Ligand code: AMP
């Protein structure tokens, strides 16, 4: 299938070809036609599937067919959970609309609102936003959503994880009832289905697994290690392997900072990225990592969500996530674009139950290795780390235990990731 056959305008085809894309990804093939027909769409897709172009291209097509050049009210709103994702989606919107007469802007918190308000005042057709700043500007009377024709809710599951449900509801109330709605989510918990039911009108459902990444295509390994020896082990692995670009996950912001400091002391360039970092610091860390100046990026789950870092050879879980699905998100960052990837997890005794839950979710046992000098502590308790410890801004979906959350999705026919392996087999 080609982009031409999807019915996109010449201006969009030109932009797509400038990006170097030759074939639409599965989610693009499935989502673009119903969006162009004006239908509501519920898409199961995560970062790495090409989902952004999946909604941006048809959205731009629709808006450009019926331009409003003089007075430009916001006609399309894309809501994202994080600033980084908002910035990435906006960058995509800019690129794909290069040959169209459409204006776009991005707004998110943590930076001065003045330039954002000024951009909106001049008129924008497409607004990409995080919920907090959007509502802020709206409350100040600097922004109206009364003319929105297309609403995109990106990474809806993360939105709920981050406690944005109320904000989403407020945003929805400020838009006209008659509009086209597109919702993207990697998982389909009960809460997500409820949200979808409230937003979407007879949606077409589409689904895509990440193109180049499947759980069983990634080389995964567990290192059993004493808690106190983890830092030494991770430094050894990175140094011995001479790894140049490593994404490391910690459960807490504090843990990310601490690990980062120790890496730097050991002579490994590292930067941390998490919710407490300023927008400038996050952008700088990510740019340094992408350019190769920074060897190790230490991230928390929420901060890493949606980051577009192609061709990542190594992902290390310094601590296992207490939400099993986050493990799949994390390791999905390696082995992209057909490159070989390796996902390693440092597991101490108190994480044993997390490991078991993850293995249940991905339906495979992970190979275990012990490195001499970094053995696990035989006397350490295997009692799990307390629920809630290390959680960041997570509530709604996680009001139950992390384990019940993975069980829920496993039992759900709409849940994609837990059945990913079986998806592949079928
Ligand atoms: P996304 O899932 O939207 O974050 O996209 C993941 C990556 O795939 C981004 O780097 C996109 O630029 C890239 N991409 C999107 N669509 C295509 C396509 N049809 N062919 C090749 N790469 C693509």
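Laboratory data are not the source of any read-out in this text; all were calculated from the coordinates shown. Model, not experiment: these values are computed from the prediction. Neighbour counts are summed over all protein chains in view; Cβ atoms, including those assigned to glycine, are modelled from backbone coordinates with ideal geometry.
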field: Along principal axes, Cα extents of segment 109-218, largest first, whole Å
entry: 48, 33, 25
task: Could you give the spread of the C-alpha atoms of segment 2-49 along their three principal axes, from largest to smallest, in whole angstroms?
output: 28, 25, 13
task: Bin all alpha-carbon pair distances of segment 1-158 at 5 Å intervals from 0 and give each bin's fraction as a whole percent.
output: 1, 9, 20, 23, 21, 14, 8, 3, 1, 0
task: Diagonalise the Cα gyration tensor of segment 224-365 and give the resulting equivalent ellipsoid semi-axes, square root of 5 times each eigenvalue, largest first, whole Å.
output: 22, 17, 15
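Which of 315, 89 comes first, and how do the rest follow, when ranked by fewest Cβ neighbours within 10 Å? Walk me through the numbers before you get to the answer.
Details: 315 24, 89 27.
Ordered from fewest to most neighbouring Cβ atoms within 10 Å, 315, 89 come out as 315, 89.
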- request: Taking the Cβ of each residue in 329, 202, 314 as the centre, tally the other Cβ atoms inside 10 Å and list the residues starting with the fewest.
  value: 202, 314, 329
message: Ignoring solvent entirely, what values of log10 I(q)/I(0) come out of the Debye formula for segment 201-298 at 0.18 Å⁻¹ when each Cα is a single scatterer?
response: -0.94
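Could you check how many percent of all C-alpha pairs in segment 71-165 are farther apart than 24 Å? Before the final figure, lay out each step's value.
Values: 614 of 4465 pairs.
Within segment 71-165, distances greater than 24 Å cover 14 percent of Cα pairs.
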- line: When 166, 282 are arranged by how many other beta-carbons sit within 10 Å of their Cβ, fewest first, they go 166, 282
